[in-house]
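See below for the structure under consideration.
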């Protein structure tokens, strides 16, 4: 390899170093081939970007755009314009009249209620964490609480960071109890929730602390 000082040379050298290290640490041949191909694919993209002649501000702007593309984020804020939404159908439950899905972010839905109120839900905006096991999961009833605390407004610009809901899950006789402590916002702020939920027959509903303790035992926060 050319040992020059161009960005191409630098990138090739970095890839060769990491591949050499992987070859020593990865025992399975197929795993090594896969890892090697990933680094070489990234190197190809980097070289292609360098060929465009970007430098300074333009290079940073291109990287920002690519980062959004790779994260599945729209390049500009989502609006409530009709052309950005597909009608999913009509509902007669929970006073919802119509449901729409956003074509620019497929995880984003709009619910139009019979009284004219409009609510938005982004299924990729919130994640629940079991503090005991560190496992992540989704629970619509809990996510609805966060949506009420931090409602989505238009225009909407999704973030790469999520709302993280800290919880404790307790299983009993195929049912699951959820003690919900607080939510950490993408900005790093903390907002208390202190609610309890029960999943029975695949349905989650909010219950009181007394009901939770009676069914699942003493709440963690009281210990």
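Any read-out appearing in this document is the output of simple, stated calculations on the displayed coordinates, not a laboratory observation. Please read these numbers as outputs of a predicted model, since none were measured by experiment. Cβ atoms come from the backbone with ideal geometry, glycine included; neighbour counts cover every protein chain shown.
Annotations for the structure displayed:
- The chain: angle of helix 7-25 to the longest principal axis, Cα-based, in degrees nearest 10: 70
- Candidates 134, 20, 98: whichever shows maximal mean-square fluctuation once the chain is modelled as a Gaussian network with Cα springs under 10 Å: 20
- Over the chain, DSSP H runs of length four or greater, each weighted -39,500 (n - 2.57), average out per residue to a 222 nm ellipticity of -11000 deg cm²/dmol.
- The stretch between residue 101 and residue 47, if pulled fully straight at 0.36 nm per residue, gains 15.7 nm over its current Cα-Cα span.
- Gyration tensor (alpha-carbon) shape descriptor, segment 1-87, a/c threshold 1.5: oblate
- Identified option (computed Cα extents along the principal axes in Å; candidates [x] 54, 37, 36; [y] 71, 47, 32; [z] 55, 35, 29): [y]
- Most fluctuating residue given options 33, 67, 162, as computed from a GNM of the chain linking Cα atoms under 10 Å: 33
- Residue 83/residue 113 FRET efficiency (R0 30 Å; Cβ-Cβ; nearest 0.05): 0.85
- Sites residue 123 and residue 11 - FRET efficiency at Förster radius 30 Å, r taken between beta-carbons, to 0.05: 0.25
- In a fully extended conformation the segment linking residue 153 and residue 63 would gain 29.7 nm over its present Cα-Cα distance, using 0.36 nm per residue.
- Applying the Kirkwood pairwise sum to the alpha-carbon positions of segment 122-223 produces a hydrodynamic radius of 14.2 angstrom.
- Arranged from fewest to most other beta-carbon atoms within 10 Å of their beta carbon, 13, 199, 169 become 13, 199, 169.
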